[in-house]
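Asks: Mind looking over this structure? Questions follow.
The values are calculated or read from the model by the stated rules, or taken from the named source; none is laboratory data. As the structure is a prediction and not an experimental result, all values here were calculated from the model. So basically every Cβ, Gly included, is an ideal-geometry build from the backbone, and we count neighbours across all protein chains shown.
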Amino acid sequence: MTKVKSAIDFTPVRAYNVPISFLGVNMSNQFEKYSNTFAKMIQCPTVSSSGAEYFDKFQQVLKEEFPLVFSNLEVFYPGKDKDSESRAILLKWKGKSDRRPMVLMAHQDVVPASPETWKYDPYGGTLEDGKIWGRGAMDCKNTLFITINAVEELIAEGFVPEHDVYLSYSDCEENSGMGAPYAVQWFKDHDVHPVVAVDEGGAIVENAFPGMKMPFAMVGIMEKGYADVRFTAHSKGGHSSSPPNNTPLARLGAFIDYCETHVLFKRSMSKPALQMLKGVSTGLGGPLKFITKHAKGFAPLIVKALPMITPFGKALLGTTMVFTMAQSSDAPNVIPQSASVVANLRFGPGDKSADCIAKLTDLAKKYDLEVEVLTCREHSAFVDTECDEYKHFVDTMRECFPEIGISPYLMFGGTDCRHMQTIVPCAIRCTPCRLNPQQLASMHASDENIDVQSLIDGTAFFKKFISNFK
Ligand SMILES: [Zn+2]
């Protein structure tokens, strides 16, 4: 392989300089074109909150690489009037009608990367082994590429969509910024009512469920709720040489231990969990296939057993809580006057945040702890998997990837799509790209990469998704 020059000077370069005929594989023009364009996108280090100039450069690359999109679509910058640093971008492709608009979403920003832990430069866009390596390769410049590229190619083919198509790319998804809310406000202000949105979320993955025998497209139909809660223990402090009982850290420790060793929030089989288990049953074998296929009847057994087998079971069947941060005295010989821990909660479809936090507050009282909710949101609504738009997504998936299974999926993490879901009834979270286990594990970690073939397949998917949407 060949390392490319540094991305810092923003010079778009080829991701490799090995003559195509020397690679021993038949690299099509499409492969080369997609690789080069995608490498240029990776080479822009659009780390969230890194500064508007990084996003300006990224958008310049988009303008150069997708000229038909930028000359045929109307371009808007939602939120820029409120915040001059905002770089959210919204593109409108006028269709034959404005009756059933769709929104294809992605985010331009990426999380930071520590180059010393990477095989290749995280902003190099290196092509190796048929894959492009770099931050954002699968979260989610791939989603951005396959949606905008599909539109570019359809315009080149002279296609006009039946209904308006919007491309909405936020600039701050990774730090839960305002990019997507600004876009939602734009739709409200312009009285536009999209009927379907597609954003990142699930993907085509192996081992989507323990014992899975085939790759599955996991199609996100809802997101769990989210909260960060701080628990603080106070004391008079003092010198550590004559300690009293029940010091702040001891109370916090006992509280943490209780929370970790008890089921605080009732687990249950929610509708999305049931849909997911039934969905994955086709890819399982033996008793697991039977149990998941008849998940409703086996619900009491699954709710009891699955969380014992895998943490995934706990997350699927209820609200989870984990302690993630701690703070206490500054010196080893000082008893803290106050010490605190922060817990992160993910609310299941059966739970309201207020009920969970009330329960925690009652429990915290027993340990003489103060409770402060730092941030909180409810779980999203869920997509009706019987609606035409969802079926269209699944039908397109079947057509493009006939050999895979497809299942609805309850998302444990968050996406921009939760904002769009407040105005769009069918908000689907899935990027039609194959990810192997290494690629899946590279999200927000080292060695993020995507197969160029996935960019080819994903583009073909969205071309079909748009052109067959009536
Ligand atoms: Zn993402």
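Asks: So for segment 74-85 (the condition being within 16 Å of the ligand (Cβ to nearest atom), closer than 23 Å to L154 by Cα and either outside any loop (DSSP other than H, G, I, E, B) or free of Cβ contacts under 8 Å to residues at least 40 places away in the same chain (or both)), does at least one residue qualify?
Replies: Quick first cut of segment 74-85, residues within 16 Å of the ligand (Cβ to nearest atom) only: none.
No; the residues of segment 74-85 include none that is within 16 Å of the ligand (Cβ to nearest atom), closer than 23 Å to L154 by Cα and either outside any loop (DSSP other than H, G, I, E, B) or free of Cβ contacts under 8 Å to residues at least 40 places away in the same chain (or both).
Asks: For segment 218-250, what are the residues that are surrounded by 20 or more Cβ atoms within 10 Å (Cβ to Cβ), more than 18 Å from A273 (Cβ to Cβ) and of a type in the set (A, V, I, L, M, F, W, C)?
Replies: Within segment 218-250, A227, V229, F231, A233 meet the criteria.
Asks: Looking at segment 23-47, which of its residues are surrounded by fewer than 21 Cβ atoms within 10 Å (Cβ to Cβ) and small (G, A, S)?
Replies: Correct list: G24, S28.
Asks: Given the options A137, A113, name the one that is surrounded by fewer than 24 Cβ atoms within 10 Å (Cβ to Cβ) and closer than 26 Å to Q43 by Cα.
Replies: Values: A137 fails: surrounded by fewer than 24 Cβ atoms within 10 Å (Cβ to Cβ).
The unique qualifying residue is A113.
Asks: Now, a different point. Being within 30 Å of I309 (Cβ to Cβ) and in the same structural domain as P112 (by TED's automatic domain parsing) narrows it down to one residue among I256, I204; which is it?
Replies: Details: I256 fails: in the same structural domain as P112 (by TED's automatic domain parsing).
Residue meeting the stated conditions: I204.
Asks: Mind checking which residues of segment 74-110 are closer than 16 Å to V192 by Cα and basic (K, R)?
Replies: K92, K94, K96, R99, R100
Asks: Scan segment 133-142 and give yes if some residue there is part of a helix (DSSP H, G or I) and farther than 20 Å from A180 by Cβ, otherwise no.
Replies: Residues of segment 133-142 that are part of a helix (DSSP H, G or I), as a first pass: 141-142.
From what's left, farther than 20 Å from A180 by Cβ: none.
Looking for residues that are part of a helix (DSSP H, G or I) and farther than 20 Å from A180 by Cβ, one finds none in segment 133-142, hence no.
Asks: Within segment 59-78, identify whether any single residue is acidic (D, E), modelled with pLDDT under 95 and exposed (fewer than 14 other Cβ atoms within 10 Å of the Cβ), and answer yes or no. Explain how you work it out, then say what you get.
Replies: Here is the first cut: in segment 59-78, the residues acidic (D, E) are 64-65, 74.
If we keep only those that are modelled with pLDDT under 95 as well, we get none.
No, because not a single residue in segment 59-78 is acidic (D, E), modelled with pLDDT under 95 and exposed (fewer than 14 other Cβ atoms within 10 Å of the Cβ).
Asks: Moving on to the next point. Checking R429 against (1) part of a strand (DSSP E or B); (2) surrounded by fewer than 16 Cβ atoms within 10 Å (Cβ to Cβ), only one condition comes out false. Which one?
Replies: Answer for R429: the failing condition is (2).
Asks: Go through S380, S338 for me and flag whichever is of a type in the set (S, T, Y) and buried (at least 16 other Cβ atoms within 10 Å of the Cβ).
Replies: Numbers: S338 fails: buried (at least 16 other Cβ atoms within 10 Å of the Cβ).
S380 is the lone residue from the list that is of a type in the set (S, T, Y) and buried (at least 16 other Cβ atoms within 10 Å of the Cβ).
Asks: Sort out which residues of segment 93-108 are within 16 Å of the chain's Cα centre (by Cα) and either outside any strand (DSSP E or B) or away from the ligand (no atom under 16 Å from the Cβ) (or both), and write them in order of number.
Replies: Our first condition is that a residue be within 16 Å of the chain's Cα centre (by Cα); within segment 93-108, this holds for 104-108.
Hit for segment 93-108 is Q108, nothing else.
Asks: Which condition number does P122 fail, the rest of (1) away from the ligand (no atom under 16 Å from the Cβ); (2) surrounded by 15 or more Cβ atoms within 10 Å (Cβ to Cβ); (3) in a loop (DSSP other than H, G, I, E, B) being met?
Replies: All conditions are met except number (1).
Asks: Report, by residue number, each residue of segment 261-276 that is in a helix (DSSP H, G or I) and in contact (Cβ under 8 Å) with a residue 60 or more places away in the chain.
Replies: The initial filter retains those residues of segment 261-276 that are in a helix (DSSP H, G or I), namely 261, 271-276.
Those that are in a helix (DSSP H, G or I) and in contact (Cβ under 8 Å) with a residue 60 or more places away in the chain: K271, P272, A273, Q275, M276.
Asks: Go through segment 386-400 and give me each residue that's touching a Lys or Arg at 6+ places or on another chain (Cβ under 8 Å) and surrounded by 14 or more Cβ atoms within 10 Å (Cβ to Cβ).
Replies: Step one: of segment 386-400, the residues touching a Lys or Arg at 6+ places or on another chain (Cβ under 8 Å) are 396, 399-400.
T396, C400 - these are the residues of segment 386-400 that are touching a Lys or Arg at 6+ places or on another chain (Cβ under 8 Å) and surrounded by 14 or more Cβ atoms within 10 Å (Cβ to Cβ).
Asks: Now for a different question. Do we find that V192 is more than 16 Å from the ligand (Cβ to nearest atom), crowded, with 23+ Cβ neighbours inside 10 Å, closer than 18 Å to H419 by Cβ and touching a residue at least 40 places away in the same chain (Cβ under 8 Å) in this structure? So that I can check it myself, show each step before the final result.
Replies: Details: more than 16 Å from the ligand (Cβ to nearest atom): yes; crowded, with 23+ Cβ neighbours inside 10 Å: no; closer than 18 Å to H419 by Cβ: yes; touching a residue at least 40 places away in the same chain (Cβ under 8 Å): yes.
No; evaluated as a whole, the condition is false for this residue.
Asks: For segment 406-426, enumerate the residues that are crowded, with 18+ Cβ neighbours inside 10 Å and assigned to a loop (DSSP other than H, G, I, E, B). Walk me through it before giving the result.
Replies: So the first thing to find is which residues in segment 406-426 are crowded, with 18+ Cβ neighbours inside 10 Å, and the list is 406-411, 414-421, 424, 426.
Within segment 406-426, G414, T415, D416, Q421, V424 qualify.
Asks: Among the residues of segment 289-302, which ones are in a helix (DSSP H, G or I) and either touching a strand residue (DSSP E or B) at 6+ places or on another chain (Cβ under 6 Å) or closer than 14 Å to M276 by Cβ (or both)? Please lay out each step first, then the result.
Replies: Narrowing segment 289-302 to residues in a helix (DSSP H, G or I): 289-293, 299-302.
Of everything in segment 289-302, those that are in a helix (DSSP H, G or I) and either touching a strand residue (DSSP E or B) at 6+ places or on another chain (Cβ under 6 Å) or closer than 14 Å to M276 by Cβ (or both) turn out to be I291, T292, K293, A299, I302.
Asks: Looking at A445, A427 in this structure, which one is free of Cβ contacts under 8 Å to residues at least 40 places away in the same chain and within 16 Å of the ligand (Cβ to nearest atom)? Working first, answer last.
Replies: On the way: A427 fails: free of Cβ contacts under 8 Å to residues at least 40 places away in the same chain.
Sole residue among the options that is free of Cβ contacts under 8 Å to residues at least 40 places away in the same chain and within 16 Å of the ligand (Cβ to nearest atom): A445.
Asks: Which condition does T147 not pass, out of (1) modelled with pLDDT under 95; (2) within 16 Å of the ligand (Cβ to nearest atom), if it passes all the others?
Replies: Among (1) modelled with pLDDT under 95; (2) within 16 Å of the ligand (Cβ to nearest atom), T147 violates only (1).
Asks: Working carefully through the options K266, K304, K293, find the one that is surrounded by fewer than 20 Cβ atoms within 10 Å (Cβ to Cβ), outside the structural domain of E206 (by TED's automatic domain parsing) and in contact with a helix residue (DSSP H, G or I) (Cβ under 7 Å, 6 or more places away or on another chain). Give the derivation first.
Replies: Values: K266 fails: in contact with a helix residue (DSSP H, G or I) (Cβ under 7 Å, 6 or more places away or on another chain); K304 fails: in contact with a helix residue (DSSP H, G or I) (Cβ under 7 Å, 6 or more places away or on another chain).
That would be K293, the only listed residue that is surrounded by fewer than 20 Cβ atoms within 10 Å (Cβ to Cβ), outside the structural domain of E206 (by TED's automatic domain parsing) and in contact with a helix residue (DSSP H, G or I) (Cβ under 7 Å, 6 or more places away or on another chain).
Asks: Evaluate the following for M420: is it at pLDDT below 95 and of a type in the set (A, V, I, L, M)?
Replies: Details: at pLDDT below 95: no; of a type in the set (A, V, I, L, M): yes.
In short, no.
Asks: Looking at P311, is it surrounded by fewer than 17 Cβ atoms within 10 Å (Cβ to Cβ), at pLDDT below 95 and under 17 Å from L410 (Cβ atoms)?
Replies: Details: surrounded by fewer than 17 Cβ atoms within 10 Å (Cβ to Cβ): yes; at pLDDT below 95: yes; under 17 Å from L410 (Cβ atoms): yes.
So P311 fits the description; yes.
Asks: For segment 162-183, give me each residue that is among the aromatic types (F, W, Y) and in a strand (DSSP E or B). Lay out the reasoning, then the answer.
Replies: Start the filter on segment 162-183 by keeping residues that are among the aromatic types (F, W, Y), which leaves 166, 169, 182.
Residues satisfying the conditions are Y166, Y169.
Asks: Please indicate, with yes or no, whether at least one residue in segment 152-163 is surrounded by fewer than 21 Cβ atoms within 10 Å (Cβ to Cβ), within 30 Å of K470 (Cα to Cα), of a type outside the set (F, W, Y) and within 22 Å of the chain's Cα centre (by Cα).
Replies: So far as segment 152-163 goes, no, none of its residues is surrounded by fewer than 21 Cβ atoms within 10 Å (Cβ to Cβ), within 30 Å of K470 (Cα to Cα), of a type outside the set (F, W, Y) and within 22 Å of the chain's Cα centre (by Cα).
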